[in-house]
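Each remark here refers to the structure printed beneath this line.
The values are calculated or read from the model by the stated rules, or taken from the named source; none is laboratory data. What you are looking at is a predicted structure, and each value in this text was computed from that prediction instead of being measured. Glycine gets a Cβ as well: all are built from the backbone with ideal geometry, and neighbour counts include every protein chain shown. Ligands, DNA and RNA are stripped out before the accessible areas are found, and what is left, the full protein with its side chains, is counted by its heavy atoms. Shrake-Rupley method; radii C 1.70, N 1.55, O 1.52, S 1.80 Å.
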Amino acid sequence: DVKVTQSSRYLVKRTGEKVFLECVQDMDHENMFWYRQDPGLGLRLIYFSYDVKMKEKGDIPEGYSVSREKKERFSLILESASTNQTSMYLCASRDSQGAGGYTFGSGTRLTVV
Amino acid sequence: QKEVEQDPGPLSVPEGAIVSLNCTYSNSAFQYFMWYRQYSRKGPELLMYTYSSGNKEDGRFTAQVDKSSKYISLFIRDSQPSDSATYLCAMSLFYGQNFVFGPGTRLSVLP
């Protein structure tokens, strides 16, 4: 009964590497989101998308980009990973009416060394 | 001042206790309020979704909104060890708008 799937649970990458985090949802939701979660700071919105090929910056987009080529898939890209991007990354989706809340994936714990 | 604040805990209670989890917020225009539960190494899952002021009950959970005080609460009755998790509040201004999350309160229910 998995509805939002993040491809990796744990990732370890080196500083300067290009990192791809993948998210797939099977609920036909228009809206998809990428958050990072850090202790004491809670969830902070990185990017979101209202439709295929559309993207909007969230509160902390610096150092990140996204791609949404298909409705069900939303990718987060770290162009050149840095140690301050070590975090838990959460993908979420929501239907276009905004009814109900977000459905989250299980998260990807990224460590940049 | 952060837009949404929660005591990070940890809050430890014995099994069967009534738990009160709280959030305060600074923007009086928030109208839509949610509570999420997040187990360790999992994504958050929606518990309660309320609009404006008042109470909403669902089983052992009651969500309460006091807009005049800019304060929301989640009450858990007859708490169980399975309720041990981090609880996040979230809120938004308009229907369909992105939500702002609090940092979460970690709850531990001891058997």
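Computed values, structure above
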| quantity | calculated |
| --- | --- |
| Part-to-part distance (alpha-carbon centres) for the stretch A:74-96 and the stretch B:1-50, which is given in Å | 23 |
| Heavy-atom accessible surface of chain B: percent carbon and sulfur, 1.4 Å | 49 |
| ³J(HN,Hα), Karplus 6.51/-1.76/1.60, whole Hz, each residue of the stretch B:2-14, x for Gly, Pro | 5, 5, 9, 10, 9, 5, x, x, x, 9, 10, 9, x |
| Residue among A:Lys71, A:Lys55, A:Lys13 with the largest mean-square fluctuation in a Gaussian network model of chain A, springs linking Cα atoms under 10 Å | A:Lys13 |
| Square roots of 5 times each gyration tensor eigenvalue, C-alpha, the stretch A:28-69, largest first, Å | 20, 11, 7 |
| In the stretch B:1-68, GluC sites (Glu not before Pro) in a DSSP loop with at most 15 other beta-carbon atoms within 10 Å | B:Glu3, B:Glu15 |
| Distant-in-sequence amide H partners of B:Lys67 (H built 1.01 Å from N, under 5 Å) | B:Gly54 |
| Principal axis dimensions, the protein assembly as shown - Cα atoms, whole angstrom, descending | 48, 39, 36 |
| Positions from the stretch B:1-35 whose accessible area shrinks by 10 Å² or more when the full protein complex is built, not the chain alone, probe 1.4 Å | B:Lys2, B:Met34 |
| Sparse-neighbourhood loop sites, GluC sites (Glu not before Pro) in the stretch A:18-99 - DSSP loop, at most 10 other Cβ within 10 angstrom | A:Glu62 |
| Interface area, A with B, accessible, probe 1.4 Å, both sides summed, Å² nearest 100 | 1600 |
| Counted charge near A:Gln37, where neighbours are those whose Cβ lies closer than 12 Å (Asp, Glu -1; Lys, Arg +1) | +4 |
| Residue-by-residue Karplus 3J(HN,Hα) for the stretch A:6-19, coefficients 6.51, -1.76, 1.60, Hz, glycine and proline x | 9, 5, 10, 7, 9, 9, 10, 10, 8, 3, x, 6, 8, 10 |
| Of all DSSP beta bridges in chain B, antiparallel share, percent nearest 5 | 90 |
| Charge dipole magnitude, Cβ of K and R +1, D and E -1 - the protein assembly as shown, Cα centre, debye nearest 20 | 460 |
| In Hz, Karplus ³J(HN,Hα) per residue of the stretch B:61-66 (6.51, -1.76, 1.60; θ = phi - 60°; x = Gly, Pro) | 9, 10, 9, 10, 10, 10 |
| Peptide B:43-54 - average C-beta neighbours from other chains (10 Å radius) | 3 |
| DSSP-assigned coil residues among trypsin sites (Lys or Arg not before Pro) in the stretch B:22-53, each with at most 15 further Cβ atoms within 10 Å | B:Arg41, B:Lys42 |
| Dipole of the stretch A:11-73, positive direction: furthest Cα of A:His29, A:Val66, A:Ser49, with charges on the beta-carbon | A:Val66 |
| Area projected by the alpha carbon convex hull of chain B, averaged over all directions, nm² | 6.6 |
| Inter-chain Cβ neighbour average for residues A:38-51, partner chain, 10 Å | 3 |
| Within-12-Å neighbourhood charge of A:Phe104 [Cβ basis; K, R +1; D, E -1] | +3 |
| Environment charge of B:Gly16, counting only residues whose C-beta is closer than 15 Å and scoring Lys/Arg +1, Asp/Glu -1 | -1 |
| Scattering profile of the stretch B:1-44 at q = 0.16, 0.18, 0.23 Å⁻¹ [log10 I(q)/I(0), Debye over alpha-carbon scatterers] | -0.63, -0.78, -1.08 |
| Three-way shape call for the stretch A:39-110 based on the alpha-carbon gyration tensor, with the a/c threshold at 1.5 | oblate |
